[in-house]
Each structure stands twice: as C-alpha cells, then as structure tokens.
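A.B. asks: Questions regarding the structure given below will be posed in turn.
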Amino acid sequence: MSMDISYEEMVARNLGVLSAAEQDKLRRSRVGLLGVGGVGGMSAVLMAKMGCGEIVLYDDDRYEASNLNRQILATTATLGMPKAEVAGAALAQHAPAVSARAHVERLRDEEAMRRAFGGLDVLVVAADNLSTVVRATRAARVEGIPAIVTGPFGWKCFVTTVMPDGPDYEKTIGAPSAGRPMTDDVAREVDRFQREFLLHTKGFTREMGERMRDLSAPIVTLAPVVNLTSCLAVAELAKVLLQRGRIFAFPHYLALDLLTGAPWSVRDVGFAARESLEQPAAHV
C-alpha cells in the first residue's frame, strides 16, 4: 500500500466522535511531551493517532533492558537508542500526516524549559522525578501553557492538568520547593518527598517501598498501569485542546487503582506523606 496517506484518510474514524471543526483544531495544535519513556512513548503514539498536528518530544535518555517491562517503544531493536529519536521514527510510521520533532537533550533548568516550551498549546509531563515535574510546571505557568501531570506507580495512576492561572502546584501539594529556587539540594528534597508519597500509596512490597524512599531504587510499576496512564493523559490533552467534557484541572485528579478498580485520593496520600516527613520516626 502506498505510504502517501492524507491526514483526512488517517483520521477518518475519529469523525462522528469528533466534529470536523474539532479535528481541524487538533490538526492545528502544537503539543509537547517531556519524557518519552513509559507514559511518554505510548502518549506520543496516541497523540499522533488522534491527529495532533505537531508533536514536540524532549528526552535525552536511551532505551535499556529494564524498560522492556512497560515501555511500548522499548524493543530488542531499540535498546541503546535515544528514546526521542525512536519515538519520532515510530510516529512517522503510525501517523505519517503528523509532524514530529525529536529533541535528544536534557532540559536542565526552568529557563531551558521555557525556551523549549514556548509556542506549545499543551504540555504533557511524563517525567519520573517530581523535581523535573516541578520545574516543568513552573516553566509552563510562566509561558501560559496548561501542563498535564502524570503519575504511574505500583498499581495506581493519576493525571491532572495544572492550569497557568490555577492554584500553585508546589504550594498545594506541599512540595518542599515551594517559594525556593530549585537548587540541587532542593531537588533532592523534592524527590525524597515524592518517594515518601509513593511509600504511602501502599502499592509496593515494604522492602521496595523503603528502597525507593531512600532513592536507592527506581520507581517500579507495571505495563498496564503505565499505558493506561498514557490513555488518560491523551484523553485529557484532547479535552483541554477542544475545551470539551470534564477537565481534571488541578487540584482535581483522575486517579485509579487498577488492583481494586476503585478511585483513590492523591491528596490524602500526600497529607500522610507530609505528616510522616514531619515525624521521621513514624512508620506506615
């Protein structure tokens, strides 16, 4: 079959769920994706298949064997390759009528992020570490860009959209970075706060939870959790772009526990984590 596929052919089965005007709005959108690993890799594919016209990918990491358990673009053929470049090439196959721009670079501070994010309509933040999420939401707020924050871990996941004119993300979640420059020391405090939060979700073995809290182990999760989070994030992206349906604007979350099938409270877990940090001797 010819690879000369038109945009209209590609998105034909979106129509009827979306109006022609809504699909055209997606076609004219410019969306960013910070992190192209687990949530980011699948999100990139879904954004393209939805028909988002331009997708900008940011990630300096490369695929490794430990990514094979959950990251949809991690295969034996892509191990050792830059994630952003792999995603860009994959989108050319999945959605040839969509433009993908891959940046294999680390955005080390808020100023670099501001320069990179300028001109985006929406940003999806698919980064592992909370310190990176905080930097990204700061930059997006300054640039006036909605930032969709994702969280997959254990059996649980969440998405929320941090609006540029909404509540301050750091202050509301009680991050230790609130009102402070993001130095390396502050970033470590923020990431320890995140790991305490993860321990309180009670989705891990005690040993793994404590290792993650001590920053001696990476965040662990499962393929269904990661890839469902991508689906939720891209659905949220479409709603934000089209201004349609219920948008889970921060401090509201769409949060699911795949083990029980029940919703859960991100805020309640966050409160418990903060209390534990204030009383180091306390145990979960």
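A.B. asks: Please report, in debye to the nearest 20, how large the charge dipole of the stretch 46-92 is about its Cα centre when each Lys and Arg carries +1 at its beta carbon and each Asp and Glu carries -1 there.
C.D. replies: Values: 4 positive and 6 negative charges, 44 e Å.
In total the dipole reaches around 220 debye.
A.B. asks: Among DSSP beta bridges lying fully in the stretch 45-190, give the percent that are antiparallel, nearest 5.
C.D. replies: 50 percent
A.B. asks: Based solely on its DSSP helices, what 222 nm [θ] is calculated for the chain when runs of n ≥ 4 H residues each add -39,500 (n - 2.57) and the sum is averaged over all residues, nearest 500 deg cm²/dmol? All intermediate terms of the calculation are to be shown ahead of the outcome.
C.D. replies: Details: 11 runs with 122 residues, N = 284.
Mean residue ellipticity at 222 nm (helix-derived): -13000 deg cm²/dmol.
A.B. asks: For the stretch 151-203, what does the alpha-carbon gyration tensor say about shape, rounded, prolate or oblate, given a ≥ b ≥ c as the root eigenvalues, a/c under 1.5 as rounded, and a/b over b/c as prolate? Don't skip to the answer; put the middle values down first.
C.D. replies: Values: a/c = 2.55, a/b = 1.21, b/c = 2.11.
Here the stretch 151-203 falls in the oblate category.
A.B. asks: Work out how much length E275 to A249 would gain on full extension: take 0.36 nm times their residue separation and subtract the Cα-Cα distance, in nm to one decimal.
C.D. replies: Working: separation 26, 0.36 × 26 = 9.36 nm, distance 2.52 nm.
Taking 0.36 nm per residue and subtracting the Cα distance, the gain is 6.8 nm.
A.B. asks: Can you list the residues, at least 5 places off or on another chain, whose amide H is less than 5 Å from the amide H of I148, using H built in the peptide plane?
C.D. replies: The answer is L123, V124, V125, V162.
A.B. asks: With every protein chain left in place, what is the accessible area per residue of the stretch 1-149 in square angstrom, probe 1.4 Å? List each step's numbers first, then the result.
C.D. replies: Values: 6670 Å² over 149 residues.
With the other protein chains kept in place, the stretch 1-149 gives 45 Å² per residue.
A.B. asks: Tell me the carbon and sulfur percent of the accessible area for the chain, rounded to whole percent, probe radius 1.4 Å. Mind dumping the intermediate values first?
C.D. replies: Values: 6920 of 13230 Å².
The nonpolar share, carbon plus sulfur, comes to 52 percent.
A.B. asks: Which percentage, to the nearest 5, of the DSSP beta bridges contained in the chain is antiparallel? Please report the intermediate quantities before stating the final value.
C.D. replies: Working: 13 of 33 bridges.
In the chain, DSSP labels about 40 percent of beta bridges as antiparallel.
A.B. asks: Quick one: putting +1 on the C-beta of Lys and Arg, -1 on the C-beta of Asp and Glu, what dipole do you get for the stretch 48-177 around its Cα centre, in Debye to the nearest 20? Can you show the working numbers first?
C.D. replies: Details: 14 positive and 16 negative charges, 45 e Å.
With Lys and Arg at +1 and Asp and Glu at -1, about 220 debye.
A.B. asks: Using a Gaussian network model of the chain with C-alpha springs under 10 Å, which one of L15, L242, L107 is most mobile by mean-square fluctuation?
C.D. replies: Result for the chain, Cα springs under 10 Å: L15 fluctuates most.
A.B. asks: List the residues, sorted by chain then number, that are 5 or more residues from G154 or on another chain and whose placed amide H is less than 5 Å from its amide H.
C.D. replies: V220, T221, L222
A.B. asks: Using the Karplus curve 6.51 cos²θ - 1.76 cosθ + 1.60 with θ = phi - 60°, work out ³J(HN,Hα) for each residue of the stretch 157-167 in order, rounded to whole Hz, and write x for Gly and Pro.
C.D. replies: Each residue of the stretch 157-167 in turn: 7, 8, 9, 8, 10, 8, 7, x, 9, x, x Hz.
A.B. asks: In the stretch 129-284, what percentage of the DSSP-assigned beta bridges are antiparallel, given to the nearest 5?
C.D. replies: Working: 12 of 14 bridges.
Given both bridge residues lie in the stretch 129-284, the antiparallel proportion sits at roughly 85 percent.
A.B. asks: Using a Gaussian network model on the chain with a 10 Å cutoff between Cα atoms, which of D165, D60, D191 fluctuates the most?
C.D. replies: Looking only at D165, D60, D191, the largest GNM fluctuation is found for D165.
A.B. asks: Another question, then. May I have the convex hull volume per residue, in Å³, for the Cα set of the stretch 50-117? It would help to have the intermediate numbers written out before the result.
C.D. replies: Values: hull volume 6.8 nm³, N = 68.
Measuring per residue, one finds 100 Å³ for the Cα hull of the stretch 50-117.
A.B. asks: Let me ask something additional. Pop out the ³J(HN,Hα) list for the stretch 67-76 in order, Karplus 6.51 cos²θ - 1.76 cosθ + 1.60 with θ = phi - 60°, rounded to Hz; leave Gly and Pro as x.
C.D. replies: Running phi through 6.51 cos²θ - 1.76 cosθ + 1.60 with θ = phi - 60° gives 7, 5, 6, 8, 8, 5, 9, 8, 9, 4 Hz.
A.B. asks: Round to the nearest 10 and give me the degree value, 0 to 90, for the angle of helix 83-94's Cα axis relative to the longest principal axis of the chain.
C.D. replies: 40 degrees
A.B. asks: May I pose another question? So what does the Cα-only Debye profile of the chain read at q = 0.11, 0.13, 0.15 Å⁻¹, as log10 I(q)/I(0), no solvent term?
C.D. replies: For the requested q values the scattering log ratios are -0.62, -0.87, -1.17.
A.B. asks: Which residue, C52, C231, C157, tops the fluctuation ranking in a GNM of the chain built on C-alpha contacts under 10 Å?
C.D. replies: Ranking C52, C231, C157 by mean-square fluctuation puts C231 first.
A.B. asks: With a ≥ b ≥ c the root eigenvalues of the C-alpha gyration tensor of the stretch 166-270, is it rounded (a/c under 1.5), prolate (a/b larger than b/c) or oblate? Display every interim value, and only then the final one.
C.D. replies: Details: a/c = 2.04, a/b = 1.20, b/c = 1.70.
Oblate.
A.B. asks: Once you've got the Cα coordinates, tell me which of K49/K83; K83/K202; K83/K171 are over 21 Å apart. Walk me through the intermediate numbers first.
C.D. replies: Values: K49/K83 19 Å; K83/K202 30 Å; K83/K171 32 Å.
Those over the limit are K83/K202; K83/K171.
A.B. asks: Length gain on complete extension for the stretch R28 to A223, per 0.36 nm per residue less the alpha carbon to alpha carbon distance?
C.D. replies: Values: separation 195, 0.36 × 195 = 70.20 nm, distance 3.13 nm.
Working it through step by step, the gained length comes to 67.1 nm.
A.B. asks: How much net charge surrounds E110 when only the other residues with a Cβ under 9 Å from the Cβ of E110 are counted, with Lys and Arg +1 and Asp and Glu -1? Provide the component values of the computation, followed by the final result.
C.D. replies: On the way: positive: R114, R135, R138; negative: D109, E111.
Residues near E110 contribute +1 overall.
The values are calculated or read from the model by the stated rules, or taken from the named source; none is laboratory data. All values reported here derive from a predicted model rather than from experimental measurement. FYI the Cβ positions are ideal-geometry reconstructions off the backbone, even for glycines, and counts take in every protein chain you see. Keep in mind that these areas ignore ligands, DNA and RNA; they rest on the heavy atoms of the full protein, side chains included. Shrake-Rupley method; radii C 1.70, N 1.55, O 1.52, S 1.80 Å.
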